[in-house]
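Student: To start, I am sharing the structure in question, which I have written as structure tokens.
The values are calculated or read from the model by the stated rules, or taken from the named source; none is laboratory data. Note that this is a predicted model, so its numbers are computed, not measured. Cβ placement follows ideal geometry from the backbone for every residue including glycine, while neighbour counts extend to all protein chains displayed. The accessibility values were calculated without ligands, DNA or RNA, using every heavy atom of the protein model including side chains. Shrake-Rupley method; radii C 1.70, N 1.55, O 1.52, S 1.80 Å.
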Amino acid sequence: MMDILFKDSQRGFTLMEVLISMAIGGLLMGAVVNTFVVQRKSYDIQEQVTEMVQTARAAMDMMTREIRMAGYDPTGAGFEGVSYNATQLRVNADLRGDNPSDPSDGDTNDSNEDIMYSYDSNDFQIDRNTGGGNQPFAENIDSFTFDYIDDIRQVRVTVTARTAKPDHEYSSGGGYRTYTLSSLITPPNLACP
């Protein structure tokens with residue numbers, strides 16, 4: 001009797017049982033890997049969208065603050081707060097109250113008193129120039145437009161940002177997702193007298 005129990009307990013898996021368990025294990029492993037890949041792609045896309053939105057909002061916030069200061073002229077020097085230009089948005093303000101238009105005091109425009117924004121379509125970015133040449137201000141920008149309203153008493157700024165990398169499964173815009181912000185800015189220093 002002991003011999004019979006010992007032989008039955010030594011019994012292993014049959015080849016068929018091993019193959020079936022390997023197939024089931026392979027299917028489960030494939031499902032886990034597929035779920036991971038889908039989740040990773042979704043995370044990457046969401047990260048790019050978040051970065052795109054933050055870039056557009058940060059650029060719009062800083063431009064809005066600087067445009068709202070346009071025309072600030074505590075000395076009464078009488079310069080243009082926003083100069084008309086179809087390709088560049090130029091903003092002037094006397095932030096230090098030292099009359100930057102008067103060269104006799106030995107002072108010239110301070111940084112951030114004469115600012116030019118322009119769009120670089122080759123590098124998909126907005127450039128900002130405060131006198132030292134164009135510097136990248138906002139990257140991955142699909143378009144940057146501005147309109148002068150009411151004899152340059154208001155400025156409408158529109159920024160369309162795009163994701164850094166294209167998504168080949170996204171059919172619009174060459175695979176780039178976009179986000180557009182528009183703001184109508186009324187600098188109080190340019191108000192009608």
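Student: Taking into account only those residues within region 99-116 that are buried (at least 17 other Cβ atoms within 10 Å of the Cβ) and charged (D, E, K, R), which is modelled with the lowest pLDDT?
Tutor: By that ranking, first place goes to 113.
Student: Right, something else. Scan region 117-175 for residues that are open to solvent by 70 Å² or more (accessible area, probe 1.4 Å), closer than 15 Å to residue 56 by Cα and touching a residue at least 40 places away in the same chain (Cβ under 8 Å) and report the count.
Tutor: 1
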